[in-house]
Amino acid sequence: MPVPAAVVKSARVPFLVLTPAVLLLALAIGLYAGAGLQPVYVAVALLAAISAHISVNALNEYSDFHSGLDDMTLRTPFSGGSGALPAEPKAAAAVGALGVVTLLLTIGGGLWLVWQRGWGLLPLGLAGALLIVTYTRWLNRSPWPCLLAPGLAFGPLMVVGGSWVVSGHFQPLALWLSLLPFALSNNLLLLNQWPDREPDRLVGRRHLAIVYGLKMVLWVYGLQWLLALLVLVSALLVMQVTGWGWLVLLPMAGGLFALQGMARKAESSASLAPYLAANVVTAVLTPALLGVALLV
């Protein structure tokens with residue numbers, strides 16, 4: 001594999017779709033509150049958010065290669081890493097550089113938005129940068145911080161921050177609706193970690209699946225799914241959505257499908273792909289469709 005191809009693969013491009021899906025919700029909240037659309041701010045926010053996502057992915061790939069984890073995992077479309085660095089070890093330095101450069105790009109874009117839209121964005125940006133630099137090396141060695149990190153990033157930080165960029169101020173509605181991607185993003189990583197639990201344990205990780213096992217994973221997943229459903233239904237009721245708007249609930253069925261599939265086939269990693277895919281559909285489509293419902 002050529003080095004440039006390995007670098008691109010390490011960015012985990014298919015996973016990046018979650019970022020615009022969540023930012024669509026943030027944009028919709030700002031516009032729903034009466035703000036005018038300012039494309040430059042939205043474009044910079046999107047660039048910063050996607051850069052942050054790429055940075056996490058690249059730094060994680062770099063760390064997993066050097067820890068030896070990449071040589072122990074069974075790769076699937078949803079777990080086990082991209083396989084880019086085992087296929088082309090010479091790309092390791094470039095992948096590490098990608099992680100650093102995209103982090104700097106995120107910080108630069110964030111600081112510009114703080115300058116343009118207010119200092120209230122600064123704590124959100126600092127928290128996001130802290131999550132990026134601590135996730136792979138520290139957070140995934142503690143089960144509860146590891147569980148909550150993706151939800152904090154794609155929930156309160158991205159939704160509250162994104163809506164602030166659009167409207168120019170904090171919106172309580174954004175904080176409430178951010179609990180939807182918070183719960184679903186946590187669940188996304190929670191199930192994706194299950195097939196890798198043994199290799200992860202061998203390199204010192206201590207996420208929920210390793211420390212507490214399947215029963216806790218299923219309970220936590222189910223409770224977070226219920227939280228997401230509560231937030232979603234309350235949003236539809238407050239917005240007085242009628243008719244087709246309630247179709248926003250449809251992707252949530254994927255979460256139930258994933259939950260029952262994990263309960264039945266968790267010990268057979270080869271059988272988990274349909275359930276992990278359904279989990280992805282729920283996490284990506286639900287916030288995106290809620291954003292569309294807010295816009296129309």
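One table, with the values for the structure above:
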{"quantity": "Count of residues meeting criterion [within 15 Å of Gln224 (Cα to Cα), exposed (fewer than 15 other Cβ atoms within 10 Å of the Cβ) and not hydrophobic (A, V, I, L, M, F, W, C)] in region 250-282", "calculated": "1"}
{"quantity": "Ala35 hydrophobic (A, V, I, L, M, F, W, C) and modelled with pLDDT under 90", "calculated": "yes"}
{"quantity": "Helices (runs of 4 or more DSSP H) lying entirely in region 88-183 (those with 2 or more residues that are surrounded by fewer than 18 Cβ atoms within 10 Å (Cβ to Cβ) and of a type in the set (Val, Ile, Thr))", "calculated": "92-117, 122-135"}
{"quantity": "Val241 vs. criteria in contact (Cβ under 8 Å) with a residue 12 or more places away in the chain, assigned to a helix (DSSP H, G or I) and of a type in the set (Val, Ile, Thr)", "calculated": "no"}
{"quantity": "Flag if Gln171 is modelled with pLDDT under 95, polar (S, T, N, Q), farther than 24 Å from Ala278 by Cα and touching a Ser or Thr at 6+ places or on another chain (Cβ under 7 Å)", "calculated": "yes"}
{"quantity": "Residue count, region 251-269 (criterion: in contact with a Phe, Trp or Tyr (Cβ under 8 Å, 6 or more places away or on another chain) and not in a helix (DSSP H, G or I))", "calculated": "1"}
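The values are calculated or read from the model by the stated rules, or taken from the named source; none is laboratory data. Source: prediction; values computed, not measured. Positions of Cβ are backbone-derived with ideal geometry, glycine not excepted, and every protein chain shown enters the neighbour counts.
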